[in-house]
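Each remark here refers to the structure printed beneath this line.
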Number of protein chains: 2
Amino acid sequence: MTDTITLEKLDEKGRQIVFTGARTSNSFADTPVSDDELRDIWEMTRFTPTMANTQPLRVVFVRTAEGKERLLPHIAEGNAAKTAAAPVTAILAYDKNWHEEIPNVFPIRPEMKDYFAADEDARHGAGYHSAALQEGAFILATRAAGLAAGPIAGYDKDGIDKEFFPEGEWTTVMVVNIGHPGESPWFDRLPRVAAENAVVWA
Amino acid sequence: MTDTITLEKLDEKGRQIVFTGARTSNSFADTPVSDDELRDIWEMTRFTPTMANTQPLRVVFVRTAEGKERLLPHIAEGNAAKTAAAPVTAILAYDKNWHEEIPNVFPIRPEMKDYFAADEDARHGAGYHSAALQEGAFILATRAAGLAAGPIAGYDKDGIDKEFFPEGEWTTVMVVNIGHPGESPWFDRLPRVAAENAVVWA
């Protein structure tokens with residue numbers, strides 16, 4: 001007899017918070033966000049699965065005036081106002097030397113570290129992909145923490161890397177504004193790709 | 001006066017289902033999974049944010065004996081038994097011509113389609129990245145649907161592409177077994193990267 005573990009469905013309210021009701025915020029109120037709320041985001045994000053548990057994602061939580069001053073020159077004009085207004089901007093990066101953690105995070109196969117040390121293309125490919133899985137989880141965890149996320153694509157990646165990661169060890173993969181929604185924070189919801197164009201049954 | 005929208009935190013049970021309590025499953029019970037449960041996963045996944053709402057992710061839900069027969073020859077030996085046992089295996093892919101949807105999904109800037117039509121590197125880079133954000137959300141949505149997810153990295157990508165996408169329009173980015181946990185479905189939880197090595201405050 002199998003002692004099957006019974007999993008539970010997320011309730012309707014939870015689905016709305018994390019998936020169906022949440023929206024990308026384009027304006028932010030001046031309501032502050034505490035460091036504990038940001039730690040809460042990380043405490044959820046860090047449990048999302050990655051290839052061989054390698055967890056290459058790293059985060060810089062920029063929430064001081066000095067930090068914003070270092071960041072804003074590297075944000076595209078169209079994203080500058082909301083990035084200045086958001087109480088926190090998270091720089092999501094991945095650690096180019098993520099494989100160094102393998103003996104700690106995947107102790108059942110510590111020798112994987114040597115494989116990825118020797119193959120830079122494999123190291124970049126696997127790290128970038130697993131980091132992006134964590135980026136997707138980070139956005140949903142931000143919502144689960146009761147906050148609005150506003151990921152932006154318009155920024156100078158090299159400029160942010162030079163300013164925040166001068167030794168070249170981490171590299172920026174996404175920038176996410178975080179806070180409470182401000183005035184008219186979002187447009188009407190944009191259309192989704194039709195399910196019959198996106199899902200195939202086999 | 002700003003009419004600030006108040007967001008809510010996900011409750012403890014919801015956090016456990018989606019983030020902190022969920023585990024990657026390495027064995028599956030023979031409890032069936034219905035097509036409606038799979039549609040439920042997609043109904044949550046499709047609302048996660050992507051660059052300019054482009055939603056490049058596509059899914060093949062393989063859940064028939066015929067479908068499994070087509071898939072299994074392309075799964076690495078170490079992953080074959082669990083992939084055969086799982087009632088469903090999802091092939092996650094991205095549409096290489098995702099930019100064709102831009103006039104539908106981002107009608108405020110339909111001309112972006114031409115930009116990505118002309119620049120193959122930008123098209124691949126943006127599509128691959130946004131698809132990976134959706135892959136991260138897909139795993140969490142599977143848990144929210146009350147099911148266990150078992151993403152696997154060991155498979156022959158070119159073999160799956162040839163078998164399932166012979167016209168070359170979609171390309172495989174991840175394979176995820178889906179079902180209910182079987183016997184001894186997971187090991188003890190592996191360590192997480194220490195927060196002081198992953199999070200920086202600025």
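Structure summary
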item	result
Within the range B:31-46, considering residues that are assigned to a loop (DSSP other than H, G, I, E, B) and surrounded by fewer than 19 Cβ atoms within 10 Å (Cβ to Cβ), the one nearest to the other protein chains (Cβ to nearest Cβ)	B:31
Leading residue by the ranking (farthest from residue B:39 (Cα to Cα)) among those in the range B:62-78 that are in contact (Cβ under 8 Å) with a residue 60 or more places away in the chain and either of a type in the set (Val, Ile, Thr) or open to solvent by less than 20 Å² (accessible area, probe 1.4 Å) (or both)	B:75
Residue check for residue A:19: surrounded by 20 or more Cβ atoms within 10 Å (Cβ to Cβ) and within 26 Å of residue A:80 (Cα to Cα)	no
Residue among B:61, B:47, B:106, B:28 that alone is more than 25 Å from residue B:166 (Cβ to Cβ) and touching a Leu at 6+ places or on another chain (Cβ under 7 Å)	B:106
Subset tally (residues that are open to solvent by 40 Å² or more (accessible area, probe 1.4 Å) and in a strand (DSSP E or B)) for the range A:172-202	2
Residue count for the range A:166-202, restricted to those that are facing another protein chain (nearest Cβ under 7 Å), touching a helix residue (DSSP H, G or I) at 6+ places or on another chain (Cβ under 9 Å) and not charged (D, E, K, R)	10
Test: residue in the range A:51-61 that is open to solvent by 40 Å² or more (accessible area, probe 1.4 Å) and facing another protein chain (nearest Cβ under 8 Å)	yes
Helices (runs of 4 or more DSSP H) completely within the range A:79-153 that count 3 or more residues being more than 8 Å from every other protein chain (Cβ to nearest Cβ) and crowded, with 24+ Cβ neighbours inside 10 Å	A:120-144
Per-region count, the range B:83-106, residues within 14 Å of residue B:33 (Cβ to Cβ), touching an Asp or Glu at 6+ places or on another chain (Cβ under 9 Å) and among the small types (Gly, Ala, Ser)	1
Residue list for the range B:1-30, restricted to those being more than 7 Å from chain A (Cβ to nearest Cβ), assigned to a loop (DSSP other than H, G, I, E, B) and in contact (Cβ under 8 Å) with a residue 40 or more places away in the chain	B:22, B:23, B:25, B:26, B:27, B:30
Inter-residue pairs, beta-carbon under 9 Å, first without any contact (Cβ under 8 Å) to a residue 40 or more places away in the chain and over 16 Å from residue A:174 (Cβ atoms) and in the range A:86-103, second surrounded by fewer than 21 Cβ atoms within 10 Å (Cβ to Cβ) and of a type in the set (Lys, Arg), 6+ apart	A:100/A:113; A:103/A:113
Matching option when the condition is under 18 Å from residue A:18 (Cβ atoms) and at pLDDT 95 or above, among B:146, B:150, B:179	B:146
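The values are calculated or read from the model by the stated rules, or taken from the named source; none is laboratory data. Everything numeric here is computed off the predicted structure, so don't read it as measured data. Reconstructed Cβ throughout: ideal geometry from the backbone, glycine too, with neighbour counts over all protein chains shown. Heavy atoms of the whole protein, side chains included, go into the accessibility calculation; ligands, DNA and RNA do not. Shrake-Rupley method; radii C 1.70, N 1.55, O 1.52, S 1.80 Å.
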